[in-house]
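See structure below.
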Amino acid sequence: MNQPNPDHPILVHASRLGRRLSETEEIRRFRLAEEQVNRSRRVQGLIEEIKRKQKELVHAKHYQKSEYCRRLEKELDRLQLEMENLPIVREYQQSQVEMNDLLQTLTNVLADAVSEKLNVDVGGDVGGGCGSGGPCGCR
């Protein structure tokens, strides 16, 4: 498949739209929250501890240490809950949902506009075959 010309007018518009999107409140809020999470020693410490416990759990399962597995699973649940209850993590998760909603809405608007112009359904089954109705029997 050939790569489209980067100077194609629609790609120029898409690039502008991307820049404009990066300036929206939703994207700015997400980036700020992401930066705060990445800089938080507490969050990063919990993430590292969760990773260590997950590795231990894999090894414990491999060696069939069921009691140790239960302890590790409880500890992982506690660590995950502790991290999820941190205000900075909640803000990050909420901003991520809002950003994803914005991007999904944009995707839907574009798909609807294209499907109207092309008179096709979006998200439906795609027909197969050559479409000639010839000896292969497709339509």
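The values are calculated or read from the model by the stated rules, or taken from the named source; none is laboratory data. If you're wondering where the values come from, they're calculated on a predicted model, not measured in any experiment. Note that we place each Cβ from the backbone using ideal geometry, even for glycine, and neighbour counts take in every protein chain shown. All accessible areas refer to the heavy atoms of the entire protein, side chains included, with ligands and DNA or RNA removed. Shrake-Rupley method; radii C 1.70, N 1.55, O 1.52, S 1.80 Å.
Of the residues Gln36, Gln64, Gln80, Gln44, the single one that is farther than 30 Å from Val114 by Cα and modelled with pLDDT under 95 is Gln64. Screening Val43, Val37, Val58 for residues that are within 22 Å of Leu21 (Cβ to Cβ) and of a type outside the set (Gly, Ala, Ser) leaves exactly one candidate, Val37. Regarding segment 69-86, can at least one residue be identified that is part of a helix (DSSP H, G or I), within 16 Å of Ala33 (Cα to Cα) and open to solvent by 50 Å² or more (accessible area, probe 1.4 Å)? Yes, segment 69-86 contains a residue that is part of a helix (DSSP H, G or I), within 16 Å of Ala33 (Cα to Cα) and open to solvent by 50 Å² or more (accessible area, probe 1.4 Å). For residues in segment 20-33 being of a type outside the set (Gly, Ala, Ser) and over 13 Å from Leu106 (Cβ atoms), which is least open to solvent (accessible area, probe 1.4 Å)? Selected residue: Phe30. Beta carbons closer than 6 Å, at least 6 apart along the sequence or on distinct chains, never pair a first residue in segment 1-21 that is on the phi < 0 side of the Ramachandran plot and without any contact (Cβ under 8 Å) to a residue 24 or more places away in the chain with a second that is among the polar types (S, T, N, Q) and open to solvent by 100 Å² or more (accessible area, probe 1.4 Å). The set of residues in segment 34-68 that are open to solvent by 90 Å² or more (accessible area, probe 1.4 Å) and outside any helix (DSSP H, G or I) comprises Tyr63, Gln64, Lys65.
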